[in-house]
1. Of all residues in region 438-457, how many are more than 16 Å from residue 489 (Cα to Cα) and touching a residue at least 24 places away in the same chain (Cβ under 8 Å)?
2. Looking at (1) within 28 Å of residue 312 (Cβ to Cβ); (2) outside the structural domain of residue 303 (by TED's automatic domain parsing); (3) at pLDDT below 90, which is the only condition residue 495 fails?
3. Just to verify a result, which residue in region 456-480, among those that are in a helix (DSSP H, G or I) and buried (at least 19 other Cβ atoms within 10 Å of the Cβ), is modelled with the lowest pLDDT?
4. (1) modelled with pLDDT of 85 or more; (2) closer than 28 Å to residue 474 by Cα; (3) surrounded by 18 or more Cβ atoms within 10 Å (Cβ to Cβ): which one isn't true of residue 438, the others all being true?
5. How many of the residues making up region 38-55 are more than 21 Å from residue 100 (Cα to Cα), in a helix (DSSP H, G or I) and touching a residue at least 12 places away in the same chain (Cβ under 8 Å)?
6. Pairs please, first residue from region 159-175 and touching a residue at least 12 places away in the same chain (Cβ under 8 Å) and at positive phi, second anywhere and buried (at least 22 other Cβ atoms within 10 Å of the Cβ) and assigned to a strand (DSSP E or B), Cβ atoms under 9 Å, 6+ apart in sequence or on different chains.
7. Given the conditions (1) buried (at least 18 other Cβ atoms within 10 Å of the Cβ); (2) at pLDDT below 75, and given that residue 388 satisfies all but one, which numbered condition is not satisfied?
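The values are calculated or read from the model by the stated rules, or taken from the named source; none is laboratory data. Note that the structure is a prediction, hence the values are computed from the model and not measured. A quick note on method: Cβ atoms are made from the backbone with ideal geometry, for glycine too, and the neighbour counts reach across all protein chains shown.
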C-alpha cells in the first residue's frame, strides 16, 4: 500500500519517516512537507493511508483529507493534533478522517493505530475486489441474450483479455496445486500497470482464469504482450503446463463474446503435452496425416481378423505418428471420431447406428501414453461388439475381453465361454495369451484390481467392501492379491490417495 506522511516541521517529519521504516518494503512510504505536495503526488500515486498534522500553512490536515477523498474515496486518514485542536479534529471525522492521535504520540500507540487501519484497508479492498470479480464473472459467463443490460465500465473499454488454462480442460491440477494466486499473476504486470483497479484476474474454475487489463495505445499493448510472454515462459519452465490465449476486446463488445472467442482460439491451437500461446493473428496449418490413415486402414483389417497383437502395435505407431505431426487436441478428437466411425461401419455395415464414444479423456490428459491405452481399449471394445456367424476363434478374443469387462463382478468361466462359442478351451486359452500377453486368470485379476483402485481412490467405498464389489467374496484373498499387484494393502492405498 501507499502511505503518505504529511508534516510541515522537518524534524517531526524526519522522525515519522524513521518510525515508518518498519513498514517498508512491504508498503511504500512517501513524505511531504505540505498538503499541496501531497495532493500533487496523489494525481499519479493512489494514497491508501494518510497520516497528517492538523495545523499546516496553506492546506491543513482536514482540508487535505477532504480533497483527497474526492478522487480517492477509499483513502483512510490519521490526524495528529494537540489538545487545543481536539474539537477541530473531531469535526474532521466527518470528512474521511478515520482516527486521530494526540501529540506527542507514543511509538506503541502510533503503530497500533496504523496496523489496525492497514488491516481494515486490506479487508475492505479484498471485499471490493471479490464483489467486482463476481460481477465480472457474471458478465463473462452471461449469454449474448443478456447484452440488453447496460454495459459495465469494463465492457465500454478496450481491454487486453487473456485466457489462462492449466494443463488441459479437465486436468486434475488446480490453481491451488500450482501455487499460483491471482495476485501473483497480476503482480507480473506490475511495472506496466499503474492503477490497480484497472486490472483484474478472474477465476473461472479450478483450471481457468481470465485477465482483464487496460489495452491503452499500441506501445502499451505491446508492453503487455511482452509481459505475458515472460509470464508464459516463467510458468512453463517451472514445471507447470500453461496454455494462454489473448485478444483485444473492442469498445462496447460484451465480455461474454470476447471470452467465447478466447476459448475457441485456444481450442484451435492447443496441443496435448505442449504449452500454447495463441494470438488472434496466429494461422493454423492442418498437418498431413495421410500416412497415419494408411496405418488406420491396416488396423481395420487387423481388428476384423481378430489380430489383437498386431493391432496393438499398429495403434502404438498411429499414436506416435499423431504426436510427431503435432496435431492439436481438436484434430486428435476428430481423428479418433473418424477412426471409430470407420471401424463401426466396416464391422457392422448392416447397422448405421453409431454409438457415441467417450472423448472426455482427451480433455484430461497431458501426455500421449494414456491416449494409446485408451485408444486400444476403445478399438477392441468396438471389435468385441462385432458378431459374425463365421467368426474365427482368434476373432473371439475382443469379444471375450468385452465379456470380462462387463461381467468382472461375477463368476467368470473361460470354459463356459469356450463352450458357448464352440471353440476348444485350450486353443482359446493359448489365443488369449498370444493376443493379450496375459493368461485369462491374470488378465481378470488385473482388471478387477484396477476397478478396485478406482473405487478406493474416490473414497466412495470402504476397503473392506471393495473386494466383494469387484468379484472377490474372500476379503483376505482380495487383500493379498491387491498387495501383490500394487505393492500396498487396500487400506494403505486408500489413505494415500485420499491424502493427495
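1. Residues that pass the stated criteria total 4.
2. In the conditions (1) within 28 Å of residue 312 (Cβ to Cβ); (2) outside the structural domain of residue 303 (by TED's automatic domain parsing); (3) at pLDDT below 90, residue 495 misses (1) alone.
3. 463
4. All conditions pass for residue 438, except number (3).
5. 1
6. Sorted first by the residue in region 159-175, then by its partner, the pairs are 167/243.
7. Tallying (1) buried (at least 18 other Cβ atoms within 10 Å of the Cβ); (2) at pLDDT below 75, residue 388 fails exactly one: (1).
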